[in-house]
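In what follows, a structure is listed as structure tokens, so that the remarks can point back to it.
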Amino acid sequence: MEKVAVLMAEGYEEGETLTIVDILRRAGISCETFAVKTWNQEEQKQERFVRGMHGMFIKADKEFSDEVKDYDMVVLPGGRPGGANLRENPEVIRMVKYFAAEGKYVAAMCSGTLVLAEADVIQGRKVTGYTGYAEKLPGAVFKEDVVVADKNMITSQGPATVYPFAYKLAEVLGKDVSVLKERMLYNFAGGR
């Protein structure tokens, strides 16, 4: 079974992060969250609780470690300052470089796409990101599409694009999400 690691740093976008995990688990994919230690240790309520950009403390499944290397995909959600906290963590940058070099899936959305630029893995690659990010993703071929998949790299724009992004992640991992989309009323709501 494919395994997906979703990274959570202080200030992660709750809607993006939790929707990705929810949809992948509904699709039958093993998906776990990893707490990246960037938050103020004094403010922790319990181990692995990470504060999102809207003040929600969500408990990650695991602590970020080299265990992530055993996964098939790493996902970098956005958020303020979640994306910046991921980008400024040298261990996260090393992990993204590892995944890219190994041909494993690297997925990012919103400000999480800036991690890809910092890791220098987007040169000549088709990507998308939050509005106005074309200049923040130098060397990439920026697209205005909702979701862009270029070989092992999948990117998306922001909170409203999380559903098509998560469905695409499931698809590249070999899942047929047509029934899932129907059950979640995605097609009814105008999703494509």
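When the GluC sites (Glu not before Pro) in segment 53-154 are filtered for DSSP coil states and for at most 10 other beta-carbon atoms within 10 Å of their beta-carbon, the remaining sites are GLU144. Close amide H pairs (under 5 Å, H built 1.01 Å from N) link MET73 with LYS3, ALA5, residues at least 5 positions away or on another chain. Entry comment: accessible area of segment 46-192 is 49 Å² per residue, from protein heavy atoms only and a probe of 1.4 Å. Rounded to the nearest 500, the helix-only mean residue ellipticity at 222 nm of the chain stands at -8000 deg cm²/dmol, with each DSSP H run of n ≥ 4 adding -39,500 (n - 2.57). Summing charges over all other residues whose Cβ lies under 10 Å from the Cβ of SER156, with Lys and Arg as +1 and Asp and Glu as -1, gives -1.
Accessible area of LYS59 (1.4 Å probe, protein heavy atoms only, ligands and nucleic acids ignored): about 90 Å².
Electrostatic tally near LEU76: other residues with Cβ closer than 12 Å to its Cβ, Lys and Arg +1, Asp and Glu -1, net -2. Straight Cα distances below 13 angstrom link LYS175 to the aspartates and glutamates GLU2, with same-chain residues fewer than 8 positions distant left out. Only beta bridges with both residues in the chain are counted; by DSSP, about 25 percent of them are antiparallel.
Note on exposure: THR19, THR155 ranked by accessible area (1.4 Å probe, complete protein assembly) read THR19, THR155, with the most exposed listed first. Estimated at 0.36 nm per residue, the fully extended path between SER30 and GLU171 surpasses their Cα-Cα distance by 49.4 nm. Between GLU182 and LYS104, the contour length at 0.36 nm per residue exceeds the alpha carbon distance by 25.2 nm. Of the beta bridges in segment 78-192, as assigned by DSSP with both residues counted there, near 40 percent are antiparallel. Rounded to the nearest Hz, the phi-derived 3J(HN,Hα) couplings of segment 160-169 under the Karplus curve 6.51 cos²θ - 1.76 cosθ + 1.60 (θ = phi - 60°) are 6, 9, 5, 5, x, 5, 5, 4, 5, 4, where x marks glycine and proline. Each residue of the chain gets 109 Å³ once the volume of the Cα convex hull is shared out per residue.
In this structure, the pairs whose alpha-carbon distance is over 23 Å, taken from LYS143/LYS181; LYS59/LYS151; LYS97/LYS136, are LYS143/LYS181; LYS59/LYS151.
The values are calculated or read from the model by the stated rules, or taken from the named source; none is laboratory data. The structure presented is a predicted model; accordingly, all values stated were derived computationally and were not measured. Neighbour counts run over all protein chains shown; Cβ positions are idealised from the backbone, glycine included. Remember, those area values only see protein heavy atoms, side chains included, never the ligands or the DNA or RNA. Shrake-Rupley method; radii C 1.70, N 1.55, O 1.52, S 1.80 Å.
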